[in-house]
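The values are calculated or read from the model by the stated rules, or taken from the named source; none is laboratory data. Please read all numbers here as calculations on a predicted model, not as lab measurements. As a convention, Cβ positions derive from the backbone with ideal geometry for all residues, glycine included, and neighbour counts pool all protein chains shown. All accessible areas refer to the heavy atoms of the entire protein, side chains included, with ligands and DNA or RNA removed. Shrake-Rupley method; radii C 1.70, N 1.55, O 1.52, S 1.80 Å.
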Amino acid sequence: MERKVYIKALSRISLRHPDPDYTGMFPVMEARRMSQLMKRALAVSKQALALSDVTVPDAIVTGTGLGCIANTEQFLRPLLGLSDAPLRPTHFMQSTHNTISSLIAIKLGCHGYNATYSQGGISFESALLDAFLQLRLRMVDTALVGAFEEMTPDYAAMLEKTGWSGVRTDDDRLSETAAAMLLTASPDGALCELADIRLGAEAASTTMSCPAPTGHLTRADYVPLYGDNFCVSALGACDAVERVAAGDCDNLLLENDFHGKSRSSILFRSLCGR
Amino acid sequence: MKQKVYAVAGNILSPLGFTAEENFRAVVEGRSGVAPQEGTFGIPEPFCASLFDRGQVAEYAAAEGITGYNLFETLLILSIRDAVRRAGIDAASSRVAFVISSIKGNVEELGEDESEVPVTVSAGHVAAFFGQNAAPLVVSNACISGLSALIHARRMLLSGQYDYVVVAGAEVQSRFIVSGFQSLKALSPEPCRPFDAERCGLNLGEAAATMVLARAEACPPDCWELVDGATRNDANHISGPSRTGEGSYKALRYVLACCDPEELAFVNVHGTSTLYNDEMESIALHRAGLSDVPLNALKGFFGHTMGAAGILESLISMQAADAGIVPGTLGFGKMGVSYPVNVCAANRTTDKHAFIKLLSGFGGCNAALLFRKGGAR
């Protein structure tokens, strides 16, 4: 029998949720090798775990559109003759998309399932779907789902040139995301139920398990707050969870229509009155 | 009743051939695609790699009427098209899902045409070629990507949402990847020698490989079942494997719950021919009680094909077990790992109908997938 899935805790860093003080958070030598995104990823992961009284999750699932793009660019620049800096193995090692997810595993001592989804604007939802299915199918009891995105000047310039429409206005400014959620199979102390996730063509279909949600959030709601990047829907999801947890609505549908390129829908259900 | 997931068709596109059969024949005959490279990609230091003849691929693609795609996309389209034709499925159906596995995608184009960079963009072009409306799932999980993709596809099928999943992996080599591994001192200047005492690093390889998976209450007797798979993390080091083989051992232990080691024709290991990887795998296999089971590695034939490796090496292993062969480990001569493992230097015969495919990668990720022939048990 399939189980229900709950969101126990969340933590994020965004335009509206400032970085914590990283002083002393990591050993000095390690901190030197860590990019800002890695520090943020570890900080929100640890906080989400601390808030949910889970020490080591059964699974770590991560979504990221570009991975460690800053490290990738740093390694690529000398190769393209754009810099005289030597090729640093650290930049190469940390250029794979699963770098962040792996680093979280190392820091938590988590030997369980570890996967990374690079699915453009629905990278976070792809990771969330993986964790959701594994919890429902009883393969794991807890999962840490993260969404981590950084933006570099070069990549931003490229996006403005070739990519997304409307990123030049202040409301749609390019930004970064670090968000973590702890999913469990137990409703005890949970913020809300994660009722359903649909990706792609299914996102718009009537197969969603709730035909008439009482709450609704779309990119038009959260992009003006948090700017735009491949993982910004994770920040929208954090807002959705908080609204449902506060009893604003019985259920809430979060819709992500990412520049007409990809779509997702997530349904959150309130635990109030259970 | 619990459903089974099995492979209905496959394709391998590598410098050794453009079908799964051609590639298997090359392995049986001991032919390798790995060749010395000088000045390739503008890299001054010589290295060895298994690389496509660009002209030959372009010719083949043009003959098949496939133009206007970059090399990465072309390889995927050619590989998927062959596998889908053999499977006889309607690839455009909404009951069919696409999963694409790659580590670096078009990384070299970061300096050229940046709009082409994300693998998702290329994956979208490929899926659109086959008339798919849905965006394919992209799996990029370092060197275990191919097995991660198969394991995930298996779950997608078990969820009942799809009737078929097309799993394709591809890797195109570039200055970025070669220079990266050179900076780590992980590339061998000579053809690689998995598990050998004289091994001194890996060779990179290019390939695309596709497996079409289906679901039924029983695996047909002429198909291979993906019995179960697991990914486990070392949680030890960002690029180096665990000294205790922790993640690999845990992944092996998980799939061994579904089989008796006696049942295994062989374990097809990662076997990159780096000092640390092969040593780590010997520890993991020893801990899992698999020291006596024949093991082989295919990197000597194909090099490390990264995002394609899990799918490619599984397809070779299926054909080998079907032919009653445990393929030899090209490049292996003298045992060079501390734990006793049963490395097949040359082709051996087998009458067994199951094998385990093993991979490990950056970030301390490890994956094991158990395959069993339909009706073998």
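Assorted remarks:
- Phi-based couplings in Hz for region A:4-18 (Karplus 6.51, -1.76, 1.60; Gly and Pro marked x): 8, 10, 10, 9, 8, 7, 8, 8, 8, 10, 8, 4, 10, 10, x
- Remark on B:Ile325: its backbone amide H falls under 5 Å from those of B:Thr350, a criterion applied only to residues 5 or more positions apart or on other chains, H modelled at 1.01 Å from N.
- Note, ³J(HN,Hα) from phi for region A:92-108, Karplus 6.51, -1.76, 1.60, rounded to Hz, x at Gly and Pro: 5, 4, 8, 9, 6, 4, 8, 4, 5, 4, 5, 4, 4, 4, 4, 5, 8
- A Förster distance of 51 Å, applied to the separation of the beta-carbon atoms of B:Met335 and A:Ala212, puts the FRET efficiency at 0.15.
- Contact order, relative form, for region B:224-373: 39 percent (alpha carbon pairs under 8 Å, 6 or more residues apart, mean separation divided by residue count).
- Considering only alpha-carbon pairs that sit under 8 angstrom and 6 or more positions apart, the relative contact order computed for chain B is 24 percent.
- Placing unit charges on the Cβ atoms only, positive for Lys and Arg and negative for Asp and Glu, gives region B:224-373 a dipole magnitude near 200 debye about its Cα centre.
- Too-long pairs where the Cα-Cα distance tops 23 Å, listed order kept, from B:Lys250/B:Lys357; A:Lys4/A:Lys261; A:Lys4/B:Lys357: A:Lys4/A:Lys261; A:Lys4/B:Lys357
- With θ taken as phi - 60° and the Karplus curve 6.51 cos²θ - 1.76 cosθ + 1.60 applied, the whole-hertz 3J(HN,Hα) list for region A:122-139 is 10, 5, 4, 5, 5, 5, 5, 5, 4, 5, 4, 5, 5, 5, 4, 8, 6, 7 Hz, x standing for glycine and proline.
- Distance between the C-alpha centres of region B:273-335 and region A:244-274: 46 Å, rounded to the whole angstrom.
- Angle of helix A:153-162 to the longest C-alpha principal axis of chain A, folded into 0 to 90 degrees and rounded to 10: 70°.
- Interface burial for A against B (accessible surface, 1.4 Å probe, total of both chains, Å², rounded to 100): 3800
- Taking a point 7 Å from the Cα of A:Glu242 along the Cα-to-Cβ direction, the residues of region A:15-33 with backbone N closer than 12 Å to it are A:15-18.
- Eigen-decomposition of the gyration tensor built on the alpha-carbon atoms of the protein assembly as shown gives equivalent ellipsoid semi-axes of 37, 27, 25 angstrom, largest listed first.
- Placing unit charges on the Cβ atoms only, positive for Lys and Arg and negative for Asp and Glu, gives the protein assembly as shown a dipole magnitude near 1280 debye about its Cα centre.
- Here the contact order of chain A, divided by its residue count and restricted to Cα pairs under 8 Å and six or more residues apart, works out to 26 percent.
- What the Cβ-Cβ distance of A:Thr55 and B:Ala197 gives, at R0 = 35 Å and to the nearest 0.05, is a FRET efficiency of 0.25.
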